[in-house]
Every structure is written in C-alpha cells, then in structure tokens.
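Take a look at the structure below.
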Amino acid sequence: MHNDTIAAPDLSWQEQALCAQTGSEFFFPEPGSSVREAKRICGLCEIRSACLEYALDHDERFGVWGGLSEKERLSLRRTQDQQQHQQQQQQHQQQY
C-alpha cells in the first residue's frame, strides 16, 4: 500500500498580515462591490508578496489576495502560463 502525505502549508505569515487585523468584509466583498479598500490595506502590508504567492499556488478564486482581485490573479496566471509555454517552445526548438 502506498501512502502519500501532503505537508500542510506554512500559514504563519497570515498572523502578521494586515488583513488579519481588519476583517474579511473588505477582502471578500459582495459581487460588484468595490475592492479599493482591500487593495489600499494590501498596499501597506509587508506580507503582500507571501499572500499573493499563496493565492497563486493554491488557486484561490475568491477575494483579494496580495493586492489582486480574482480577475487580476487570473490575468497574471494566464500571462505566466503563456511565458512558460513560450520558454518551453524555445527550449524545444534549440534541441533540434
């Protein structure tokens, strides 16, 4: 029998995040509501890059993470995927 264990992600950075001190209503607003206040808070947060990295790595689809909305993270992910695909194509072409 094969037993794979998945390590739980280190979430200690969340304790230092400004969002943990302000409340989730700014970061998970009702559809169509403004995310301006969440982005302002994120802009002041020292943990912003760790938060965004976590959201991208774990495919967080709702709320503001690392200063980016759902649509902005999706756009960033698509851009990163396109760049990775282009790099792979270039490497493949160089082999032949």
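State which residue pairs qualify: first residue at negative phi and in contact (Cβ under 8 Å) with a residue 12 or more places away in the chain and inside the range 69-95, second residue open to solvent by less than 70 Å² (accessible area, probe 1.4 Å) and of a type outside the set (Gly, Ala, Ser) in any location, beta carbons under 6 Å apart, and separation of 6 or more residues or different chains.
69/35
Please verify whether the range 49-64 includes one or more residues that are of a type in the set (Gly, Ala, Ser), without any contact (Cβ under 8 Å) to a residue 24 or more places away in the chain and surrounded by 13 or more Cβ atoms within 10 Å (Cβ to Cβ).
Yes, the range 49-64 contains at least one residue that is of a type in the set (Gly, Ala, Ser), without any contact (Cβ under 8 Å) to a residue 24 or more places away in the chain and surrounded by 13 or more Cβ atoms within 10 Å (Cβ to Cβ).
Can you say whether residue 43 is at pLDDT 90 or above and surrounded by 15 or more Cβ atoms within 10 Å (Cβ to Cβ), as far as the supplied structure shows?
So residue 43 does not fit the description; no.
The values are calculated or read from the model by the stated rules, or taken from the named source; none is laboratory data. Nothing here was measured: the structure is a model prediction, and the numbers come from that model. Quick reminder, even Gly has a Cβ in these numbers, built from the backbone with ideal geometry, and neighbours come from all protein chains shown. In case anyone asks, the SASA skips ligands and DNA or RNA and just uses the protein heavy atoms, side chains included. Shrake-Rupley method; radii C 1.70, N 1.55, O 1.52, S 1.80 Å.
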